[in-house]
Structures are given as structure tokens and as C-alpha cells.
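The structure under discussion appears below in the form of C-alpha cells.
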Amino acid sequence: RGVLHRDVKPANVLLSAEGIPKLADFNVSFAGAAGRSGAAASFGGSIGYMAPEHLRAISAHFMDKPVEVQEPADLFSLAVLLWELWQGHRPFTCEGVVNSWSDAVAQQLDARERPLSEPQRLGTASERVLEKTLRATLSHSPGDRPTSGAEMAARLRLALHPEAASLFDP
């Protein structure tokens, strides 16, 4: 819908009485940062779900080099959330203790540069389409991700229809 959320994560997805997911907490923005300081004030969000370019923007903030975060970052965050829902854990791991915000950002960025964890698979066509969609959306390069939320939704819809999914991924 043309809104850059910047903090897509499980805690910000609520379920309606009908079980329909609704994205909540739209207050993380450049204008909504009153009362906070540092990189979190400029960029907001939860680093465990951030796209690599969002993490780089925070790192650049420490060096006074402005970097814009665009819509593909929200799609990346949604893919992390969906992977976690599917597998029970995020698609990448971070190990060790960090001593500062900048160390935490660097650790998360390093995790995004490693290959994604291997999922537990059932081997169905739907699951293969789901995995392919999530892997594409978790691409390190924003240009390799789906171009819009509508495109990602269409790919995910295909995964919900096993008979159609098997035509695309026999």
C-alpha cells in the first residue's frame, strides 16, 4: 500500500477474530522518533528482522553517511517472519555476546551474508514454492527480491494451492 513500515516482526502482526493477520505499530518512522536517541531514533525497527540494507543504513549513520531504506526492506522482514513461522526459527543465526548497539548491528549484518539455514522439508510442491519464494525475498540484494508486496503475495498464494504449485515446480 505504499507504506514503509520498518519494523515487520511477529509482535507487530495481530490476528483478527477471523484469523486474518493485520500489521500493527506504524509509529516507527523518521518523524515518529521523538524521545529516542542514536541510530534507533533514525531507523527504528528490530535488528533481528532487518534487511541487510537497513542494517547498513544504521552502520552508515554512525559514520554520518545517510543511506535510504526502501520498500524491499519490509519484504525481507516479512520473509524472515514467515520463515520463522514455517521453521520455528529465523533463517540465519547469530552467536556470541555483543557489547554495544553497533556490535549487534555488525553481528546481524554478518549473519545476513552467510547462507541461509537449511530448512526441515516435507518435500511437497507447495513447500518448494514457499521455500523458493522466501529464499528470493531473503536475497542480500534488494534488486533480486520481489518488486512489490503484490508480487510476493502472488507467489505465496501459489504455495497455498498444491495442485497449481506442482505445475510450477513438479
Rounded to 0.05, the calculated FRET efficiency for the beta carbons of residue 121 and residue 157 at R₀ = 25 Å is 0.75
Nearest-20 debye value, segment 97-165 charge dipole, Cβ charges on Lys, Arg, Asp, Glu:
180 debye
Based on the mean of other beta carbon atoms within 10 Å per residue, what is the order of 7-17, 113-123, 80-90, most packed first?
80-90, 7-17, 113-123
For 149-155, 72-78, 98-104, ranked highest to lowest by mean beta-carbon neighbours within 10 Å, the order is 72-78, 149-155, 98-104
What is the sum of charges, Lys and Arg at +1 and Asp and Glu at -1, for the other residues whose Cβ falls under 10 Å from the Cβ of residue 72?
-3
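A short reminder: the numbers here are calculations on the coordinates, not readings from a lab. Just so you know, these numbers come straight off a predicted model, no measurement behind them. Don't worry about glycine lacking a Cβ; one is built from the backbone with ideal geometry, like all the others, and counts go over all protein chains shown.
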